[in-house]
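What follows is one structure encoded as structure tokens, with my remarks underneath.
The values are calculated or read from the model by the stated rules, or taken from the named source; none is laboratory data. As the structure is a computational prediction, the values presented were derived from the model and not from experiment. Glycine also receives a Cβ, built like all others from the backbone with ideal geometry; neighbour counts cover every protein chain displayed. These accessible areas exclude ligands, DNA and RNA; they are computed on the full protein's heavy atoms, side chains included. Shrake-Rupley method; radii C 1.70, N 1.55, O 1.52, S 1.80 Å.
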Amino acid sequence: SAVISQKPSRDICQRGTSLTIQCQVDSQVTMMFWYRQQPGQSLTLIATANQGSEATYESGFVIDKFPISRPNLTFSTLTVSNMSPEDSSIYLCSVAPVNTQYFGPGTRLTVL
Amino acid sequence: TQLLEQSPQFLSIQEGENLTVYCNSSSVFSSLQWYRQEPGEGPVLLVTVVTGGEVKKLKRLTFQFGDARKDSSLHITAAQPGDTGLYLCAGETGTASKLTFGTGTRLQVTL
């Protein structure tokens with residue numbers, strides 16, 4: 001199994017600012033995933049983060065808006081840039097060490 | 001784009017009732033997973049089904065993968081308030097563990 005923590009757990013931000021979300025895993029993993037869950041909805045994959053290479057973004061998501069870092073095998077960050085109220089969501093990271101995905105508790109972001 | 005449609009979207013039942021949640025797609029998946037998510041937490045994996053026609057049981061929960069590996073169902077027997085949550089199916093295409101999540105079914109079980 002894998003235990004994942006995220007910081008912050010929640011935040012309220014002003015329009016136009018940026019927020020960096022941290023994801024820490026208790027074991028080394030090759031791939032980390034970042035998801036967005038808009039209010040009352042399901043999860044949408046933003047990007048896959050591999051250590052040592054640039055993140056791979058899904059359709060509709062771009063690096064300028066959601067830059068990702070992956071400095072080592074246990075840590076990743078997702079930045080939500082130039083925020084607008086439409087970015088209000090829960091952001092979750094996950095890992096899949098052995099064909100099973102484990103999710104962090106999520107970061108609940110509210111943009112005013 | 002692969003879509004996974006879940007039905008129903010919302011379900012409110014009383015303790016002791018049975019229910020079935022469906023997860024349908026026009027795409028074939030190498031595996032399909034079911035998760036339950038409670039408020040303030042990330043989704044927690046319940047089961048993974050891999051083989052077409054496969055049936056797995058987890059206490060009062062029965063999961064089935066369609067023969068063509070395009071659809072799945074989750075049946076809960078004698079629901080309890082602790083079953084309350086958001087149920088999500090997710091299909092894997094075999095591409096680097098990427099998951100496509102279903103639209104979700106929000107279940108509320110009352111006393």
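Residue B:15 fails exactly one of the following numbered conditions: (1) in contact with a strand residue (DSSP E or B) (Cβ under 7 Å, 6 or more places away or on another chain); (2) open to solvent by 40 Å² or more (accessible area, probe 1.4 Å); (3) within 27 Å of residue B:52 (Cα to Cα). What is the number of that condition?
Failing condition for residue B:15: (3).
State which residue pairs qualify: first residue closer than 30 Å to residue A:29 by Cβ and more than 8 Å from chain A (Cβ to nearest Cβ) and inside segment B:97-111, second residue among the β-branched types (Val, Ile, Thr) and buried (at least 21 other Cβ atoms within 10 Å of the Cβ) in any location, beta carbons under 9 Å apart, and separation of 6 or more residues or different chains.
Within 9 Å, the pairs are B:105/B:21.
On the basis of being at pLDDT below 95 and open to solvent by less than 70 Å² (accessible area, probe 1.4 Å), does residue B:74 make the cut?
Working: at pLDDT below 95: no; open to solvent by less than 70 Å² (accessible area, probe 1.4 Å): yes.
Against the criterion (at pLDDT below 95 and open to solvent by less than 70 Å² (accessible area, probe 1.4 Å)), residue B:74 does not qualify.
Only one of (1) in contact with a strand residue (DSSP E or B) (Cβ under 7 Å, 6 or more places away or on another chain); (2) surrounded by 15 or more Cβ atoms within 10 Å (Cβ to Cβ); (3) in a loop (DSSP other than H, G, I, E, B) is not met by residue B:63, so which one is it?
(3)
Within segment B:31-52, is even one residue of a type in the set (Val, Ile, Thr) and loosely packed, with under 12 Cβ neighbours inside 10 Å? Even if it seems obvious, please write down each step before you answer.
Taking segment B:31-52 and keeping what is of a type in the set (Val, Ile, Thr), we get B:44, B:47-51.
Filter once more, so that each one left must be loosely packed, with under 12 Cβ neighbours inside 10 Å: B:51.
Within segment B:31-52 (the criterion being of a type in the set (Val, Ile, Thr) and loosely packed, with under 12 Cβ neighbours inside 10 Å), the answer is yes, since at least one residue qualifies.
It is to be established whether one or more residues within segment A:37-44 are at the interface with chain B (Cβ under 10 Å from one of its Cβ atoms), more than 20 Å from residue B:98 (Cβ to Cβ) and not aliphatic (A, V, I, L, M).
First, the residues of segment A:37-44 that are at the interface with chain B (Cβ under 10 Å from one of its Cβ atoms): A:37, A:40-44.
Subsequent filtering for residues that are more than 20 Å from residue B:98 (Cβ to Cβ) retains A:40.
Within this subset, residues satisfying the condition of being not aliphatic (A, V, I, L, M) are A:40.
Scanning segment A:37-44 turns up at least one residue that is at the interface with chain B (Cβ under 10 Å from one of its Cβ atoms), more than 20 Å from residue B:98 (Cβ to Cβ) and not aliphatic (A, V, I, L, M).
Which one is nearest to the chain's Cα centre (by Cα) among residues in segment A:78-112 that are away from chain B (no Cβ under 13 Å) and free of Cβ contacts under 8 Å to residues at least 40 places away in the same chain?
Filtering first and then ranking leaves A:87.
I'd like to check which strands (runs of 3 or more DSSP E) are fully inside segment A:17-102 and have at least 2 residues that are open to solvent by less than 30 Å² (accessible area, probe 1.4 Å). Break it down stepwise before answering.
Details: elements: A:19-25, A:31-37, A:43-50, A:68-72, A:75-80, A:89-95.
Hits in segment A:17-102: A:19-25, A:31-37, A:43-50, A:75-80, A:89-95.
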